[in-house]
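K.L.:
Just passing along the structure, written as structure tokens.
The values are calculated or read from the model by the stated rules, or taken from the named source; none is laboratory data. Bear in mind the structure is a predicted one, so any value in this text is a computation, not a measurement. Cβ coordinates were reconstructed from backbone atoms using ideal geometry, including for glycine residues, and neighbour counts include every protein chain displayed. Accessible surface is based on the protein model in full, side chains and every heavy atom, while ligands, DNA and RNA are left aside. Shrake-Rupley method; radii C 1.70, N 1.55, O 1.52, S 1.80 Å.
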Amino acid sequence: MNNYYINTKYFIFVDLKKFRTNVFIRKNNKWLLEKTYLCTIGKPSTPTITGDFKVGAKGLYFGVERGYKCYYYTQIKGNYLFHSIIYNLDGSIRDGRLGMKLSDGCIRLDKENAKWLWDNVTIGSAIHIE
């Protein structure tokens, strides 16, 4: 990670092969692993995008008009997001599976982990997905 020149406090590195979202923090001009989260990624027909991105928009939740809720979204690019597992409108879990290729391209995390990203990683922070 130390080869990346990034002028933000946090750097998100997603390892699609290991189903891991890793969050690095800059300390003394070095990237140190702060958090690592098990995640679900895009299924083969709708894969997660790869490359370098910057955190875009954030929001509390989406999906209500389609009968579900995904909480604490953090935009990767376009409609590709980090967000919570999927909940029913009554608050029960609709799909809580992690460590699998199931999504439409987004990266799903446990709700508390999606909230940590939402709370701490600022807009403009770097993301690398491979």
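K.L.:
Extension gain K27-N120, at 0.36 nm per residue separation less the Cα-Cα distance, in nm? Intermediate results must be reported in sequence, preceding the final value.
P.N.:
Working: separation 93, 0.36 × 93 = 33.48 nm, distance 1.55 nm.
Stretched out fully, the K27 to N120 stretch lengthens by 31.9 nm.
K.L.:
Looking at C106, V14, S92, which one has the Cα that reaches farthest to the positive end of the dipole of the chain (charges on Cβ: Lys, Arg +1; Asp, Glu -1)?
P.N.:
V14
K.L.:
Which value in Å does the Kirkwood hydrodynamic radius of the range 52-127 take, with 1/r averaged over all unlike C-alpha pairs and then inverted?
P.N.:
Values: mean 1/r = 0.0804 Å⁻¹.
Result for the range 52-127, one decimal place: 12.4 Å.
K.L.:
I'd like the orientation of helix 111-120 relative to the chain: the angle between its Cα long axis and the longest Cα principal axis, in ° from 0 to 90, rounded to 10.
P.N.:
40
K.L.:
Report relative contact order for the range 42-110 in percent, whole number only (criteria: Cα-Cα under 8 Å, sequence separation at least 6).
P.N.:
Numbers: 134 pairs, mean separation 23.7, N = 69.
Relative contact order, the range 42-110: 34 percent.
K.L.:
Sum up the lysine pairs in the chain that clear both bars: alpha-carbon distance under 13 Å and a spacing of 8 or more or different chains.
P.N.:
12
K.L.:
Also: Could you grab the relative contact order for the chain? Cα pairs under 8 Å, six or more apart, rounded to a whole percent. Walk me through the intermediate numbers first.
P.N.:
Working: 313 pairs, mean separation 40.9, N = 130.
Reported as a whole number, the value is 31 percent.
K.L.:
Could you pull out the trypsin sites (Lys or Arg not before Pro) across the range 1-81 that fall in loop regions by DSSP (anything but H, G, I, E, B) with no more than 14 other Cβ atoms inside 10 Å? Provide the component values of the computation, followed by the final result.
P.N.:
Numbers: sites: K9, K17, K18, R20, R26, K27, K30, K35, K54, K58, R66, K69, K77; in loops: K9, K17, K18.
Sites meeting the loop and neighbour criteria: K9, K17, K18.
K.L.:
What part of the accessible area of the chain, given as a whole %, is carbon or sulfur when the probe is 1.4 angstrom? Walk me through the numbers before you get to the answer.
P.N.:
On the way: 3500 of 7010 Å².
Percent of accessible area from carbon and sulfur atoms in the chain: 50.
K.L.:
So for the chain, what are the equivalent ellipsoid semi-axes in whole Å, largest first, each being the square root of 5 times an eigenvalue of the Cα gyration tensor? Intermediate values should be presented prior to the final figure.
P.N.:
Numbers: eigenvalues 121, 45, 32 Å².
They are 25, 15, 13 Å, listed from largest to smallest.
K.L.:
Here is a further query. Please work out the average accessible area per residue across the chain, using the 1.4 Å probe convention, and give it in Å². The partial results should precede the final answer.
P.N.:
Details: 7010 Å² over 130 residues.
Roughly 54 Å² per residue, with all protein chains present.
K.L.:
Now, a different point. Between the range 89-119 and the range 24-76, what is the C-alpha centre distance in whole Å?
P.N.:
That distance is 10 Å.
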